[in-house]
Number of protein chains: 2
Amino acid sequence: MFKKLITLAIFLTTGMATFAQQALWGGQNIVSPEIKENNTVTFRLNAPQALKVELAGDFIPTKKMETPMGVMDMPGSVELTKNDKGVWEYTTPEPLSPELYSYTFTVDGAKVTDPGNVYMIRDVASVTSIFIIGGGHADLYKVNNVPHGTVARRWYESPGLKLTRRITIYTPPGYETGKENYPVLYLLHGAGGDEEAWIALGRTSQILDNLIAQGKAKPMIVVMTNGNAGQEAAPGEASEGFIRPSFMGATRMDGDFEVSFTDVTNFVESNYRTIKQKSGRAICGLSMGGFHSLHISKQYPDMFDYVGLFSAAIIPNENAKSSVYEDLEGKLKVQFDKKPKLYWIAIGKTDFLYKANQDFIKLLDEKGHKYLYYETDGGHIWRNWRIYLSEFAPMLFK
Amino acid sequence: MFKKLITLAIFLTTGMATFAQQALWGGQNIVSPEIKENNTVTFRLNAPQALKVELAGDFIPTKKMETPMGVMDMPGSVELTKNDKGVWEYTTPEPLSPELYSYTFTVDGAKVTDPGNVYMIRDVASVTSIFIIGGGHADLYKVNNVPHGTVARRWYESPGLKLTRRITIYTPPGYETGKENYPVLYLLHGAGGDEEAWIALGRTSQILDNLIAQGKAKPMIVVMTNGNAGQEAAPGEASEGFIRPSFMGATRMDGDFEVSFTDVTNFVESNYRTIKQKSGRAICGLSMGGFHSLHISKQYPDMFDYVGLFSAAIIPNENAKSSVYEDLEGKLKVQFDKKPKLYWIAIGKTDFLYKANQDFIKLLDEKGHKYLYYETDGGHIWRNWRIYLSEFAPMLFK
């Protein structure tokens with residue numbers, strides 16, 4: 001009936017259509033990164049005319065650099081070597097330990113992602129290529145063959161901020177088909193982040209799927225808000241269009257986000273089957289999100305039985321107009337007198353907020369407020385925040 | 001009480017923390033692409049040591065190239081010029097017309113995305129930078145200030161494929177708070193695609209939000225399946241890890257996806273408030289998804305009142321073992337005797353499947369089967385598929 005369109009069939013089955021029209025520009029047909037069986041990794045870039053190609057990544061020894069904050073450890077870089085086919089290569093001298101790693105190439109001065117690797121994450125305005133070395137805690141970041149929760153991007157009304165706002169919500173496996181009520185973890189991002197930060201950089205759905213499957217965490221709903229009080233949604237997802245993400249963007253640490261947080265809890269509790277009591281609610285966040293968690297949880301002392309401060313930006317904000325930041329000690333006393341089940345403070349030893357967190361802990365000690373403290377190596381980085389979530393979630397709702 | 005951590009506050013509010021630790025490598029602080037008021041566009045890349053920087057994009061005149069399919073129009077490229085600060089620049093000589101455009105740079109032979117632009121889309125294994133010139137049909141691709149639907153990534157059981165599979169589902173604004181039942185559009189991707197293709201490359205949620213807000217399309221649920229019968233989920237979203245996406249990947253055009261499509265409809269109709277009758281169901285797809293739509297709709301002739309073939313890969317597959325592909329004419333007769341409300345065929349004039357679609361139309365004409373035909377310029381490209389969705393959705397469920 002049809003002419004046998006053999007040419008087309010071959011065309012379709014050999015990937016040539018990609019070359020031709022569908023994907024206008026094909027990826028490079030070299031493998032990068034190549035993770036060897038012994039967990040050494042080879043990076044490759046096809047750049048025959050380039051004079052110099054460098055690799056920067058969080059698996060390369062850091063170098064000391066002068067910054068406004070003093071001398072700091074900055075990401076190191078290495079040079080790749082060009083082979084006779086014009087492909088630049090670098091292999092790590094040692095196997096890498098389990099982790100989710102980020103890297104970029106610099107080609108004759110242009111800092112770019114790896115065109116051989118489609119897996120990337122955006123942190124503020126920086127996009128980096130990523131890969132995972134499995135094993136240990138890094139297995140929590142992988143999609144494993146376990147039941148998977150649902151991730152929804154929704155919009156809700158915030159009368160307090162006078163905005164319709166985007167929110168990312170994880171519901172655990174079985175939520176849709178079951179009838180029970182679930183506890184809720186409110187998971188807040190840092191400055192420069194948005195409602196995409198935890199789900200992408202934080203691997204939240206993978207961590208929760210895996211912890212729940214292992215019986216280590218209770219099935220819970222995880223609510224990832226946008227903590228920038230002036231922003232509808234993540235850059236590119238709002239009516240302002242494809243704006244360039246910026247570090248403080250529409251962030252206003254003026255108390256509005258904290259006070260209006262009941263817009264979020266009201267939305268969640270009227271749209272999902274939740275446990276509507278203090279023992280069914282947790283709040284935590286990283287950096288600015290830790291600051292938000294501190295202030296929201298004491299602003300609403302009957303709301304959260306579990307509070308987590310991850311590398312929290314504990315900075316005085318008493319000059320802000322909002323009353324949220326007034327009388328910190330008095331409000332903490334009210335909160336702690338109500339005996340929250342867990343107040344958890346986590347920070348890395350080289351975090352620039354280390355001292356601020358130690359000062360806060362000293363205050364809690366002086367006042368006899370009970371908390372748990374978790375200290376790690378490293379600084380103000382996502383590597384730590386994924387670990388903190390992996391440690392915090394199993395302690396909740398038990 | 002606290003020492004005033006002024007340094008930290010400044011640090012946090014000037015974006016230096018990004019430089020220091022949070023975002024390990026900052027983006028370039030140059031603007032690219034810069035869309036001028038008259039819709040000319042300037043592209044910039046900081047690459048002081050580079051010898052040559054080129055820009056390829058679907059807004060640059062094509063060039064003729066020899067391919068296995070004969071001489072074809074391939075994307076053109078232009079050279080950027082280096083200014084005295086080491087920044088390479090190119091400005092389009094003419095304003096660009098409304099469209100979502102894709103582009104890449106080539107830096108001394110390395111094809112890369114624009115490091116100044118965080119907005120990218122993946123097509124099979126190719127990642128390109130994108131931007132939108134608004135106006136006309138391209139305004140449908142923007143996030144506008146209109147009510148937004150919800151986009152959920154869920155997992156469902158497919159007994160027919162013996163897999164737990166990932167699926168992307170758009171529910172229209174008001175779905176969660178309402179009580180009514182909604183019609184469903186099943187929207188299928190092409191070879192090399194997956195359940196992320198339509199939502200990312202196809203701008204489905206933006207198109208539907210906008211068409212619904214304008215009163216041009218009925219509120220509907222849109223279900224974006226993974227049409228690769230051997231695949232759990234999109235690359236990077238399945239337990240196989242961060243594999244390199246490939247054109248045919250786990251695609252098997254062996255009839256299994258078509259026959260097991262009731263796993264999808266059963267899941268959707270038992271988990272969502274749907275109109276469970278022929279007049280409440282539509283199916284369409286691009287390329288391989290058009291092939292799937294053709295075969296599924298005639299395999300289940302009582303199921304879909306609306307069928308759309310977008311640049312459909314209408315290729316004979318009579319040697320496949322499945323009975324799905326047998327007796328095309330007889331099955332089409334059964335389907336058309338039941339008078340579907342719309343059978344819509346769209347193709348571009350330079351699509352390599354143009355002839356195959358004309359042959360199919362000739363067959364429909366010979367048999368007296370009623371269809372609508374929509375012909376556009378251009379070939380086998382997402383630009384056309386976004387337009388086809390924008391044209392098809394308003395004709396549904398009326």
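The values are calculated or read from the model by the stated rules, or taken from the named source; none is laboratory data. Bear in mind the structure is a predicted one, so any value in this text is a computation, not a measurement. When we count neighbours, we look across all protein chains shown, and the Cβ atoms used for this are built from the backbone with ideal geometry, even at glycine.
Brief remarks on what is shown
- Verdict on residue A:247 being over 28 Å from residue A:328 (Cα atoms) and among the aromatic types (Phe, Trp, Tyr): no
- Yes/no for residue B:148 being more than 7 Å from every other protein chain (Cβ to nearest Cβ) and at negative phi: no
- Among the candidates A:182, A:175, residue that is within 13 Å of chain B (Cβ to nearest Cβ), in contact with a Ser or Thr (Cβ under 8 Å, 6 or more places away or on another chain) and among the aromatic types (Phe, Trp, Tyr): A:175
- Residue in region A:252-261 that is in contact (Cβ under 8 Å) with a residue 24 or more places away in the chain, within 13 Å of another protein chain (Cβ to nearest Cβ), surrounded by 19 or more Cβ atoms within 10 Å (Cβ to Cβ) and part of a strand (DSSP E or B) present: no
- Search result, residues across region B:192-216 that are farther than 21 Å from residue B:136 by Cα and either touching a Phe, Trp or Tyr at 6+ places or on another chain (Cβ under 6 Å) or assigned by TED's automatic domain parsing to the domain that holds residue B:128 (or both): B:192
- Exclusive hit being within 21 Å of the chain's Cα centre (by Cα) and among the acidic types (Asp, Glu), set A:89, A:99: A:99
- Search result, residues across region A:139-150 that are of a type in the set (A, V, I, L, M, F, W, C) and either in contact with a Gly (Cβ under 8 Å, 6 or more places away or on another chain) or crowded, with 20+ Cβ neighbours inside 10 Å (or both): A:140, A:143
- Scanning region B:28-43 for residues that are within 11 Å of chain A (Cβ to nearest Cβ) and touching a Ser or Thr at 6+ places or on another chain (Cβ under 9 Å), we see that the one that is surrounded by the fewest Cβ atoms within 10 Å (Cβ to Cβ) is B:31.
- Residue B:266 vs. criteria surrounded by fewer than 17 Cβ atoms within 10 Å (Cβ to Cβ) and within 8 Å of another protein chain (Cβ to nearest Cβ): no
- Residues (in contact with a Ser or Thr (Cβ under 6 Å, 6 or more places away or on another chain) and closer than 14 Å to residue B:127 by Cα) located in region A:113-126: A:113, A:114, A:116, A:117, A:120
- Filtered residues of region B:343-353 (kept if more than 11 Å from every other protein chain (Cβ to nearest Cβ) and either among the acidic types (Asp, Glu) or surrounded by fewer than 19 Cβ atoms within 10 Å (Cβ to Cβ) (or both)): B:349
- Residue list for region B:67-91, filter: within 11 Å of another protein chain (Cβ to nearest Cβ) and acidic (Asp, Glu): B:73
- Just one of the numbered conditions (1) under 30 Å from residue A:103 (Cα atoms); (2) crowded, with 16+ Cβ neighbours inside 10 Å; (3) more than 19 Å from the chain's Cα centre (by Cα) is not true of residue A:340: (1).
- Condition met for residue B:158 (more than 30 Å from residue B:262 (Cα to Cα) and more than 20 Å from the chain's Cα centre (by Cα)): no
- Residues that are surrounded by fewer than 23 Cβ atoms within 10 Å (Cβ to Cβ) and hydroxyl-bearing (Ser, Thr, Tyr), drawn from region B:375-398: B:376, B:390
- Considering residues of region A:269-298 that are over 17 Å from the mean Cα position of the chain (by Cα) and surrounded by 20 or more Cβ atoms within 10 Å (Cβ to Cβ) only, the residue farthest from the other protein chains (Cβ to nearest Cβ): A:282
- Of everything listed in (1) more than 9 Å from chain A (Cβ to nearest Cβ); (2) in contact (Cβ under 8 Å) with a residue 40 or more places away in the chain, the single unmet condition for residue B:143 is (1).
- Among the candidates B:106, B:150, B:171, the residue that is more than 30 Å from residue A:197 (Cβ to Cβ) and of a type in the set (Val, Ile, Thr) is uniquely B:106.
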